[in-house]
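Q: Could you have a look at this structure, given as structure tokens, before my questions?
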Amino acid sequence: MYKLVAIDMDGTLLREDKSVSDRTREAIKAAKAKGVKIVLASGRPIEGINRYLEELDLISKGDYVLSYNGSLVLNTETKEVISSDILSGKDIHDLYKISKELGVNIHAFSRAHGLITPKTSTYTEVEAEINGIKINEMDFNLVDKEDEVVKIMFIDEPEILSKAADNLPKDLYNKYTIVRSTPYFLEFLNINSNKGTGMEA
């Protein structure tokens with residue numbers, strides 16, 4: 001019998017309207033009743049996962065969640081950090097410079113400031129709406145190099161983002177885990193971060 005089932009959210013657990021079907025809810029309930037551990041594993045920040053943890057009764061001292069594609073793993077009840085492999089303000093400076101060279105929009109998730117961007121764009125608004133969080137505009141040049149940053153994203157129209165992705169400096173693939181999570185999101189994570197390492201933690 002399976003001991004643990006990890007479930008991606010957008011495009012997997014959730015329907016197009018971001019709801020959980022009755023059939024899925026009952027399947028999760030039945031699995032839990034058999035002692036199977038259910039873990040939500042998403043690229044979302046924890047704020048965008050919490051209501052689904054509540055809805056699916058996945059908040060207890062024995063439950064865990066993978067957020068930011070495994071960069072941050074938490075106990076769902078105590079919020080204890082089980083694993084944290086993140087970036088820094090210096091990474092924001094480096095990737096902001098590249099985003100300007102490639103002509104693509106950028107935003108990031110800061111531990112101190114939440115969703116931050118030098119300029120609000122359509123897909124930063126999409127990110128904020130999906131996760132129920134606010135946008136904080138700030139000059140990325142003024143972000144402290146030592147700030148804790150969980151994830152940095154290039155965000156733009158699919159054709160613009162595709163062109164930017166094709167022209168990324170090759171050395172970035174040795175510095176970051178890079179994920180094209182949707183046609184309009186290109187994510188940069190700590191090189192040690194992915195859902196697999198999050199599950200191991």
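Q: Here is a check on your reading of the model: is Leu142 closer than 13 Å to Asp94 by Cα and free of Cβ contacts under 8 Å to residues at least 24 places away in the same chain?
A: yes
Q: So Glu127 clears everything in (1) more than 14 Å from the chain's Cα centre (by Cα); (2) of a type in the set (D, E, K, R); (3) crowded, with 19+ Cβ neighbours inside 10 Å except one condition, right? Which one?
A: (1)
Yes/no per residue for (1) closer than 13 Å to Asp85 by Cβ; (2) among the small types (Gly, Ala, Ser); (3) at pLDDT below 95:
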site: Phe154; (1), (2), (3): no, no, no
site: Glu157; (1), (2), (3): no, no, no
site: Leu161; (1), (2), (3): no, no, no
site: Asp166; (1), (2), (3): no, no, no
site: Arg180; (1), (2), (3): no, no, yes
site: Phe185; (1), (2), (3): no, no, no
site: Asn192; (1), (2), (3): yes, no, yes
site: Glu200; (1), (2), (3): yes, no, yes
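Q: I would also like to ask the following. Taking the stretch 54-86 as the region of interest, how many residues are farther than 26 Å from Thr177 by Cα and of a type outside the set (D, E, K, R)?
A: The total comes to 6.
Q: Return yes or no: is Lys151 part of a strand (DSSP E or B) and surrounded by 14 or more Cβ atoms within 10 Å (Cβ to Cβ)?
A: yes
Q: Then there is this: Residues in the stretch 170-184: is at least one touching a strand residue (DSSP E or B) at 6+ places or on another chain (Cβ under 7 Å) and more than 30 Å from Ile38 (Cα to Cα)?
A: Yes, the stretch 170-184 has at least one match.
Q: Are there any pairs with C-beta distances below 8 angstrom linking a residue in the stretch 98-122 that is free of Cβ contacts under 8 Å to residues at least 40 places away in the same chain to a residue that is of a type in the set (Phe, Trp, Tyr) and open to solvent by 20 Å² or more (accessible area, probe 1.4 Å), with the two at least 6 apart or on different chains, and if so which?
A: Pro118/Tyr96
Q: Might you let me know whether the stretch 25-42 holds any residue that is of a type in the set (Gly, Ala, Ser), outside any helix (DSSP H, G or I) and touching a strand residue (DSSP E or B) at 6+ places or on another chain (Cβ under 7 Å)?
A: Taking every residue of the stretch 25-42 in turn, at least one turns out to be of a type in the set (Gly, Ala, Ser), outside any helix (DSSP H, G or I) and touching a strand residue (DSSP E or B) at 6+ places or on another chain (Cβ under 7 Å).
The values are calculated or read from the model by the stated rules, or taken from the named source; none is laboratory data. Values in this document were obtained by computation on a predicted structure and should not be read as measured data. Here the Cβ is made from the backbone with ideal geometry for all residues, glycine too, and neighbour counts use every protein chain on show. Surface areas here come from the heavy atoms of the whole protein model, side chains and all, with no ligands, DNA or RNA. Shrake-Rupley method; radii C 1.70, N 1.55, O 1.52, S 1.80 Å.
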